[in-house]
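Read through the structure below, which is laid out as structure tokens, and then see the notes.
The values are calculated or read from the model by the stated rules, or taken from the named source; none is laboratory data. Only a predicted model underlies this, so the values are computations on that prediction, with no experimental measurement involved. Calculation scope for accessible area: heavy atoms of the full protein, side chains included, ligands and nucleic acids excluded. Shrake-Rupley method; radii C 1.70, N 1.55, O 1.52, S 1.80 Å.
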Amino acid sequence: MTSPFLAGLAVAAAALAGRYGIQAWQSFKTRPATPIIRKFYEGGFQPTMTKREAALILGIREHATPDKVKEAHKKVMVANHPDAGGSHYLASKINEAKDIMLGKTKGSGSAF
């Protein structure tokens, strides 16, 4: 007598679980797509540029190889060169970041 009751209870539980799964899947499919937002460094430049700030400007790690530093510098300068409508100030900061990452200067500050 209890065996058919337990079987019916198991079938009902499976049906409810299936129904819940289908509803969850339908709501998952109809949710709006969330855009992937890249978080950028917020804030201005420090008075004396650090290696961390230089790496953030160039978009590389602090311990990047010189080849990666030069490649990143070229990529950022193409987008921000003064001859192509970029800012002289940003170009000087990008050059300063490259020099700091390559160890050519102590971060004495830019010309501006």
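Is there a residue being open to solvent by less than 60 Å² (accessible area, probe 1.4 Å), under 43 Å from the mean Cα position of the chain (by Cα) and at pLDDT 90 or above anywhere in the range 20-33?
Here is the first cut: in the range 20-33, the residues open to solvent by less than 60 Å² (accessible area, probe 1.4 Å) are 21, 24.
Within this subset, residues satisfying the condition of being under 43 Å from the mean Cα position of the chain (by Cα) are 21, 24.
Next cut, at pLDDT 90 or above only: 21, 24.
Yes, the range 20-33 contains at least one residue that is open to solvent by less than 60 Å² (accessible area, probe 1.4 Å), under 43 Å from the mean Cα position of the chain (by Cα) and at pLDDT 90 or above.
Out of the residues in the range 77-86 that are open to solvent by less than 50 Å² (accessible area, probe 1.4 Å) and more than 21 Å from the chain's Cα centre (by Cα), which is nearest to GLY44 (Cα to Cα)? Talk me through it step by step, then tell me what you get.
Just the residues of the range 77-86 that are open to solvent by less than 50 Å² (accessible area, probe 1.4 Å), to begin with: 77, 80, 82, 86.
Restricting the remaining residues to those that are more than 21 Å from the chain's Cα centre (by Cα) gives 82, 86.
On the way: PRO82: 20, GLY86: 17 Å.
Here the residue is GLY86.
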